[in-house]
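Have a look at the structure below before the remarks.
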Amino acid sequence: MKRRTFLSLIVPAAVLGGGCALRPFHFIQMADTQLGFIDGGKDGNNFTAETEMLEKVMSGINHMEPVPAFVTVCGDMTNSAGHKGQIAEYKRLIGLIRPDISCYQVSGNHDFKGKPTRENRALYAETYGPDRYWFERNGVMFIVLNSALIHEAKDCPEEAEAQWIWLKDVLAADRGAGKIGKVVFMHHLFFDRVIDEEDGYYAIPGESRRKYLDLFAEYGVYAVFSGHRHTTIPENSYRGIRLINTNAVCKSFDNNPGLRVVRVLPDGLHHEFYPYNRLPEKIIL
């Protein structure tokens, strides 16, 4: 990496902007870089396709004007948790982002060796840093959650409860201000189409779905960004919370890989999805 260490990208609770007045800015949200998924082979050592795609992505981000405030990767950084080659290449690629653009990792299910147990969360922390934290930018509070713990709450009850308690404390502190206030980043989406849909692989189970969304509504969370779905679905909402899911930046199931450019303006969030190889050069704020 150039001019910075990997852990410096993900310092928790970093206060990145002073004051509460919202000054317009934009950030990049991508998900499911998942090196080794397209054509990894049995050993997972072939991630040439992802490398070629992500090198174009990083170059496009670096040439944006104005410079993005930060980049967030919403989970599944690699296809195989603990795979040294995939992890090393992911870190190299993230290191291509210019040093004045912060980068925040969000844990996904592929980032844990099995369930997100205490031991597996410790391995994740050694590789990427904390799996839950918050940071601030220009009066907006961004909260990063480990959604694998929510999805697998029955198998990791103590870990899931600890995150729930932490989340309530963070939300109750009411650090966010203005119309937008608080935004959540996580890997799993809450639902595909409707709040009462049946449980499945992709969405948060129904038992936890309303529990978390009602908490978010109570404390004024403005939007939730997620990944995991690897396909294009429309923006949803629940009790005024905007639910925005982003296609995979590499392996897309509907052949539409890309990322989201999010403009944060006084009147709210404005977002557009762009193919990975056709990123805009000029962002109008």
Bins of 10 Å, starting at 0 and running to the largest distance - Cα pair percent for region 118-198: 16, 42, 34, 9
Counting only protein heavy atoms and using a 1.4 Å probe, what share of the accessible area of the chain belongs to carbon plus sulfur, as a whole percent? 50 percent
Go through region 103-111 residue by residue and turn each phi into a ³J(HN,Hα) via Karplus (6.51, -1.76, 1.60, θ = phi - 60°); whole Hz please, and just put x for glycine and proline. 9, 10, 8, 10, 6, x, 5, 6, 8
Note, region 23-33: 3J(HN,Hα) by Karplus (6.51, -1.76, 1.60, θ = phi - 60°), whole Hz, Gly/Pro = x, goes 9, x, 7, 9, 9, 10, 10, 10, 8, 6, 4
First check a/c for region 208-285, with a ≥ b ≥ c the square roots of the eigenvalues of its C-alpha gyration tensor; if it is under 1.5, answer rounded, and if not, answer prolate when a/b is larger than b/c or oblate otherwise. oblate
If amide H atoms are modeled at 1.01 Å from N in the peptide plane, then the residues at a separation of 5 or more from PHE70, or on another chain, having amide H under 5 Å from its own are ILE28
Can you give the % of DSSP beta bridges in the chain that are antiparallel, to the nearest 5? 45 percent
Going through the cross-link list LYS154/LYS211; LYS113/LYS211; LYS168/LYS211, which pairs have a Cα-Cα distance over 19 Å in this structure? LYS113/LYS211
How much of the DSSP bridge set in region 58-146 is antiparallel, in percent, rounded to the nearest 5? 50 percent
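Please give the length that would be gained between GLU55 and LYS84 if that part of the chain were fully extended, namely 0.36 nm times their separation in residues minus their C-alpha to C-alpha distance (nm, one decimal). Let's see the in-between values first.
Details: separation 29, 0.36 × 29 = 10.44 nm, distance 1.93 nm.
That pair, GLU55 and LYS84, stretches by 8.5 nm at full extension.
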Using a 1.4 Å probe, what is the accessible area per residue for region 33-93, in Å²? 39 Å²
Between ALA31 and residues 5 or more places away or on another chain, the pairs with built amide H atoms under 5 Å apart involve CYS74, VAL249
Evaluate 2.2 N^0.38 Å with N set to the residue count of region 77-118, then give the Cα radius of gyration divided by it. 1.30
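In cubic angstrom, how much convex hull volume per residue do the alpha carbon atoms of region 143-249 span?
98 Å³
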Sequence-separation-based contact order of region 64-204, relative, with Cα cut under 8 Å and 6+ spacing, percent: 23 percent
Percent of all alpha-carbon pairs of region 74-156 at distances over 23 Å, whole number, is 24 percent
Sequence order, region 49-65: Karplus ³J(HN,Hα) from phi using 6.51 cos²θ - 1.76 cosθ + 1.60, θ = phi - 60°, Hz rounded, Gly and Pro as x, gives 4, 5, 4, 4, 5, 6, 5, 5, 4, 5, 5, x, 4, 5, 9, 6, 10
Grab the DSSP H runs of the chain that are 4 residues or longer, score each as -39,500 (n - 2.57), total them, divide by all residues and round the 222 nm result to the nearest 500 deg cm²/dmol. -7500 deg cm²/dmol
Gap in Å between the Cα centre of region 205-221 and the Cα centre of region 34-80? 31 Å
Rounded to whole angstroms and listed largest first, the alpha-carbon spread of the chain along its three principal axes comes to 45, 44, 34
Going by amide H atoms built from the backbone, whose H comes under 5 Å of the H on ARG242, apart from near neighbours? ALA223, VAL224
Please give, to one decimal in nm, the separation of the simple spin-label points placed at LYS154 and ASP43, each 7 Å out from Cα toward the Cβ. 3.9 nm
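Loop sites only, by DSSP: take the trypsin sites (Lys or Arg not before Pro) in the chain that have at most 16 other C-beta atoms within 10 Å and name the longest stretch containing none of them.
43-112
The values are calculated or read from the model by the stated rules, or taken from the named source; none is laboratory data. Computed from a predicted model, the values in this text were never measured in an experiment. Reconstructed Cβ throughout: ideal geometry from the backbone, glycine too, with neighbour counts over all protein chains shown. The protein model used for the area step is the full one, side chains on, heavy atoms only, and it has no ligands, DNA or RNA in it. Shrake-Rupley method; radii C 1.70, N 1.55, O 1.52, S 1.80 Å.
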